[in-house]
Every structure is written in C-alpha cells, then in structure tokens.
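The structure appears below as structure tokens.
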Amino acid sequence: VHMTTNSTLQMAEFDKEAAKNASTFAHDGFGNATLKRLFKKIVNIGFAATNDSEQLKAISNLEADLTGIYSKGKVCLESKGCLQLEPGLTDIITNSRSYEELLAVWKGWRDASGKLMRTKYTDFVKAMNAAIKFSGFNDTGEYWRSWYETPTFEQDVRTLFEELEPLYVELHAYVRKRLKEKYGKDMFPETGHIPAHLFGNMWAQQWSNIYDLLVPFPGASSVDITAKMKEQNYNVTHMYRVAEDFFMSIGMEKMTDAFWQNSMLVKPTDRDVVCHASAWDFYDENDFRIKQCTSVTEDQLLTVHHEMGHIVYFQNYRHQPRLFRGGANPGFHEGMADIVSLSFQTPEHMKVIGLLDEVPQDSDSDINFLLKMALDKVAFLPFGYLIDQWRWSVFRGDTNSSNYNQHWWDLRCRFQGISSPVKRTEEDFDPGAKYHIPGNTPYIRYFVSFVVQFQWHEALCREAGNTRPLHRCDIYNNTNAGNKLREMLRMGSSKPWQDAMEAITGQRTMSAKPLVNYFDPLLKWLKEQNKEENTGWSASCPSSIPTP
Ligand SMILES: O=C(CCC(O)(O)[C@H](Cc1ccccc1)NC(=O)c1ccccc1)N[C@@H](Cc1c[nH]c2ccccc12)C(=O)O
Ligand SMILES: [Zn+2]
C-alpha cells in the first residue's frame, strides 16, 4: 500500500505540474480542434487537482484495502472446504441446481466481501468527493459522466433503458415460469420477483449458465460449449490463440511477444491476486498485457475474447499522443471488447472452430440460439444500468451509509425484478460483493457497450455483405468489416465519440433499434409463451421472504 500511495502522489504531482503549464495558454480559444482537445485533456486531471495529499492517500489506500478484501474473500462449506470466488464459488453458482447450496454460496460470498467494506467505502466516497471538487465537479459521479461529453447523458441512457425494458420484461416472465417449474413456485414471492441466487451467476447479471433449465426446444440442437472444449482438450493458451486467430482473421495484428511474456493468464498459486479479468496498456507501443485467472469454460472463452478486444484497441491507437490513447468513451472500449463475441458465438462460427458438428437451420434451433444470446445480452441490461444509478446517488449524497443496502435492493427489485432470498439489513453491503464497487470501476460503460455493440455489429455485417439474419452473421475472415472497425479504433479518444460512431455506422447517436431488431424473432416467441403469464413485478421488494 505504501508503494501505491507514493506512486499515486508522484503521478498527481506530475499531472498538476503539466496542468499548470498548459493553463498558461488560452487553449479555449485555439483554432485547431485537435490541439484544443489535447490541452483540455492535459488540464482535466480529476482527483489529482486537490491540494490535500491526505485525500489522495486515502483514496489510494482505501481502494487497495477494498480490493484486498475482495481478492481474499472465501466461503467455507462443510461439503467442499473453503473456496474463493474464482474458481470455487463461481463453479458452484454456475453448476449447482440445489436451492439451498446456491443460497449458502450466495449469502456466504456477501458476508465475506461486501459486509466487511461498508465503513471503508463510506470514507472512500468522502475522500473522492472532496478531491474532485478541486477539478470543478460537484461530485465523483458528475466527473465520471463528463467522459461521455454529452450534457443529456443521464437522460439518454434512461431513454435507452426504457426502450429496452419491454424486451427484458418478456424474458424475465419466461425465465420466472421455467424456474418455478424447477424449484417450486412456493419459493417465489407473490410480488413477481425472482430470487437472486438462481441465475447461474453470483450477481444475476448474465443468465446463460442456466440455459439448460430454459431450453425452448430440447429436441433441436443446443450445444454445451464447455463440455466440447474439455472434450477437445482445450487449454488456457489455446483459448488465447483461438481469440487471437479471430482478430487476425479480420485484419488485426497478432499479439506482441511482450504480451505472451508478461501477461498473467492463470491464477498464481503463491499469492492472492485480484482475479477479476483486466487488460493493461503500458503505453510503450509494445507491452500490452491481460491479467486473468483463466479456466477452461465457455464463460471464460468469452472473457478471453473480451480482454483481447481491449488489447486490439490499444494496438490500434498506439500511434496517437499519450492522452488520446483511450476509448472514444469508456463504453466504446467495452463495446470493442465484446463486438467479436456476437460473431464468435454463432452456430456458424462454432462449426468453423470445431465446437459444433452441424449448423442447424430450422427455426426451433434459431429460437434456442436467440434465447441463449438473450440470457447474456438482454438479461444484462437492467444490471448494467442500475449499478451506477446506485453509485451516482451515493456520490450525490441522495443515498448515504444509513441506507446503502436499502437503496441497492430498491434498484435491484425495481429494474431487475429480482429479490434477496434472505433478509437484508444495513449490516450488509451487497454492492461491495460486485468487483466494480471495491475496484472503483464505473459501470454504465457496460450498459452503453451492450447498446453500441449491436449498432456496430449491424454496420459491420452490412459492410461484410452479410445476407443472413443479423443473429447469424459472422464477420470472421472479413477484412472489409475489420477495416471499417479499424477506422474507428485508430481514432482513440482524439475525436468526440459521436465522430467515432459515425465512422462505423454513419449515425452520430446511440440507438436501441439494432439490439431490438436482433432479438425480434425471439420477442414474438416469448410473447406467445407468456400469454398466460402476468408479466412484470411490483416496483418495491417483497416484504416477506419464502424460506426453504
Ligand atoms: O468487468 C468485466 C470485464 C473486465 C474489464 O475488461 O472490463 C476490465 C475491468 C477493469 C477496469 C479497470 C481495472 C481493472 C478491471 N476493463 C479493462 O481491463 C479495461 C482496460 C482498458 C480500457 C478499458 C477497460 N466485465 C463486466 C461485464 C461484461 C461485459 N461484457 C461481458 C462479457 C462476458 C462476461 C461479462 C461481461 C463484468 O464482469 O461485470
Ligand atoms: Zn472490459
């Protein structure tokens, strides 16, 4: 911690010095847009603007403490000993179909992570809000939203969410009906909510791990990719080679030697590390790294593609000045990380890489595939939306340490239609059980990413001359699509994101339409399935909780 604090203080000193020098120029009046933008980035130094180094030390030390708690958290089960989040608890949450076992792991993780963070998190917020005022922002949330350079950003994302909510409500109703069949309807509250621990994911953020409970047409084809990967003796290195091959097939460069030498691709056995995957740019145009506790599963193969997508963005803007080596906005970096997975996951591509024997063309298989995609991409939307709704309200002071958990569950119940399977109090701090809260990584970027990646997929597939339905399009081996994508990537953050969006799609705004169009065949089927269902849920959480 001492080292981190020093390097944080040194970097802040440098940023302050550079900002001071830059502000001796009347850069607001510069004619050259690029130079003006560069100066704006030099003077906009965030927390480093504070004159109180104690605040910077607190921010750095508290973040290290909070991520330390997260990386050391473990749950001891009499049946399986003591397990950490990755891989032990994640494997159980992914594969167990026992209501009680899932509940023990779900509650245990929250007791071992978030519950220990509340006081530190309160101090963390205070220190960040105090420091950010020196940069002219009212609170940390306003600073984070400033990266989108859009005065109506908060309203824009709410509008996008409202456009997407009807699709989510239909998916939720179908999943609820099928989970009631599996676990018994008396385990579900009258209010229409689904208990949060039944989705095959520790945070109920993506639901594809319980696809086997939800398959629309069991007779038609649906593939267990993890089983296929194990059958074919996939190892970690091969997973990275498969991802590299995809990017190279659309004309991107291979990973550098430094990538293979310096990355941490498996969980070390000698020390606790933050296993949450991440990609790192060392800004020397050569040293790019992934840090991931990789295991051989389908989820992990998608995460490998995600992290490598960040690396490919780094490679494509490495010629830019240092301050332009970033995503056009943070959502664009996440969108780039995910965009190839829309091609990679298609049955067509699964056959190309030998993880599927035959490509089914019947409509039942189509619905099976679209449902699986919706369990990741549609299920995620309210989660991706609500994390920073909570955090922005904390930074604003609308939510404080006396109602952190109450407001968290208000949002989870209202937007996701899920509820806690056990009683929650203000002794708990459930936001802390999700990496991005102790890790202080903003989250609205993923909501933006899930919207824009469909806009890009539609544009790149058109560029590639695709004639199949959008959900069957695979841009693998298509350098036209790759060239179009590279046009945007090379810009880095040298231009406003609207220019980057225009480079790919010809539009200058975010739009939910491509996502809705992609899932249109599924929506029709879901509405049919839900004819007898009362879709939706009450805005507030259930007052009583069914007990097993
Ligand atoms: O958090 C991640 C992946 C991690 C990351 O690649 O986004 C990582 C987060 C991070 C940021 C800062 C420090 C440490 C971790 N972001 C990066 O590594 C990164 C690097 C450079 C630029 C932008 C992002 N995914 C999200 C949600 C998500 C989006 N797409 C997915 C696909 C499959 C599974 C999950 C997701 C999650 O797990 O909740
Ligand atoms: Zn990412």
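Do we find that ASP111 is of a type in the set (Asp, Glu), closer than 30 Å to PHE395 by Cα and at pLDDT 95 or above in this structure?
Yes, satisfied.
Is there any pair linking a residue in region 319-338 that is open to solvent by 20 Å² or more (accessible area, probe 1.4 Å) to one that is of a type in the set (Val, Ile, Thr), with Cβ under 8 Å and at least six apart or on different chains, and which?
That search, which allows pairs on different chains as well, returns LEU323/ILE42; PRO330/VAL448.
Residue check: is ILE353 hydrophobic (A, V, I, L, M, F, W, C) and free of Cβ contacts under 8 Å to residues at least 60 places away in the same chain?
The answer is no for ILE353.
Exactly one condition in (1) at positive phi; (2) open to solvent by 30 Å² or more (accessible area, probe 1.4 Å) is false for GLY46; which is it?
(2)
Does any residue of region 466-489 turn out to be within 16 Å of ligand 1 (Cβ to nearest atom) and either among the aliphatic types (A, V, I, L, M) or open to solvent by 10 Å² or more (accessible area, probe 1.4 Å) (or both)?
yes
Based on what the data block shows, is ASP410 open to solvent by 10 Å² or more (accessible area, probe 1.4 Å), in contact with a Cys (Cβ under 9 Å, 6 or more places away or on another chain) and either within 21 Å of ASP111 (Cα to Cα) or without any contact (Cβ under 8 Å) to a residue 40 or more places away in the chain (or both)?
Yes.
Filter region 302-337 down to residues that are away from ligand 2 (no atom under 14 Å from the Cβ) and charged (D, E, K, R) and give me whichever is nearest to ARG241 (Cα to Cα).
So, considering only residues that are away from ligand 2 (no atom under 14 Å from the Cβ) and charged (D, E, K, R), the one nearest to ARG241 (Cα to Cα) is ARG318.
Can you tell which of ASP281, ASP287, ASP299 is within 13 Å of ligand 2 (Cβ to nearest atom) and acidic (Asp, Glu)?
Checking each option against the conditions leaves just ASP281.
Across region 506-540, what is the number of residues that are in a loop (DSSP other than H, G, I, E, B) and more than 30 Å from THR152 (Cα to Cα)?
So the answer is 6.
Looking at THR399 and the list (1) away from ligand 1 (no atom under 16 Å from the Cβ); (2) open to solvent by less than 10 Å² (accessible area, probe 1.4 Å); (3) under 21 Å from GLY335 (Cα atoms); (4) part of a loop (DSSP other than H, G, I, E, B), which single condition is not satisfied?
Of (1) away from ligand 1 (no atom under 16 Å from the Cβ); (2) open to solvent by less than 10 Å² (accessible area, probe 1.4 Å); (3) under 21 Å from GLY335 (Cα atoms); (4) part of a loop (DSSP other than H, G, I, E, B), only one is false for THR399: (3).
What's the total number of residues in region 238-254 that are of a type in the set (A, V, I, L, M, F, W, C), within 23 Å of the chain's Cα centre (by Cα) and away from ligand 2 (no atom under 16 Å from the Cβ)?
So the answer is 3.
Where in region 32-107 are the helices (runs of 4 or more DSSP H), entirely inside, with at least 2 residues that are touching a residue at least 60 places away in the same chain (Cβ under 8 Å) and polar (S, T, N, Q)?
The qualifying helices (runs of 4 or more DSSP H) are 53-72, 90-95.
Of all residues in region 212-221, which are touching a residue at least 12 places away in the same chain (Cβ under 8 Å) and either open to solvent by 10 Å² or more (accessible area, probe 1.4 Å) or of a type in the set (Phe, Trp, Tyr) (or both)?
ASP212, LEU213, VAL215, PRO216, PHE217, GLY219, ALA220, SER221
Limited to region 435-449, what total is found for residues that are part of a helix (DSSP H, G or I) and more than 7 Å from ligand 1 (Cβ to nearest atom)?
Total satisfying the criteria: 4.
So GLU285 ticks every box in (1) of a type outside the set (A, V, I, L, M, F, W, C); (2) within 11 Å of ligand 1 (Cβ to nearest atom); (3) without any contact (Cβ under 8 Å) to a residue 40 or more places away in the chain but one. Which box is left unticked?
Condition (2) is where GLU285 drops out.
From VAL359, VAL394, VAL422, VAL352, which residue is open to solvent by less than 40 Å² (accessible area, probe 1.4 Å), in contact with an Asp or Glu (Cβ under 8 Å, 6 or more places away or on another chain) and not acidic (Asp, Glu)?
Only one candidate passes the filter, namely VAL359.
Being polar (S, T, N, Q) and open to solvent by 10 Å² or more (accessible area, probe 1.4 Å) is the filter; apply it to region 362-391 and report the residue that is modelled with the highest pLDDT.
Among residues in region 362-391 that are polar (S, T, N, Q) and open to solvent by 10 Å² or more (accessible area, probe 1.4 Å), the one modelled with the highest pLDDT is GLN389.
Got a sec? Which of ASN201, ASN235, ASN209 is open to solvent by 20 Å² or more (accessible area, probe 1.4 Å), under 19 Å from THR294 (Cα atoms), over 24 Å from the mean Cα position of the chain (by Cα) and modelled with pLDDT of 95 or more?
One residue alone meets the criteria, ASN235.
Counting only residues that are touching a residue at least 12 places away in the same chain (Cβ under 8 Å) and open to solvent by 80 Å² or more (accessible area, probe 1.4 Å), which one in region 514-543 is farthest from MET187 (Cα to Cα)?
Once the filter is applied, the top-ranked residue is ASN517.
The values are calculated or read from the model by the stated rules, or taken from the named source; none is laboratory data. Bear in mind the structure is a predicted one, so any value in this text is a computation, not a measurement. Backbone-built Cβ (ideal geometry, glycine too); neighbour counts: all protein chains shown. What goes into the accessible areas is simple: the full protein's heavy atoms, side chains included, and nothing from ligands, DNA or RNA. Shrake-Rupley method; radii C 1.70, N 1.55, O 1.52, S 1.80 Å.
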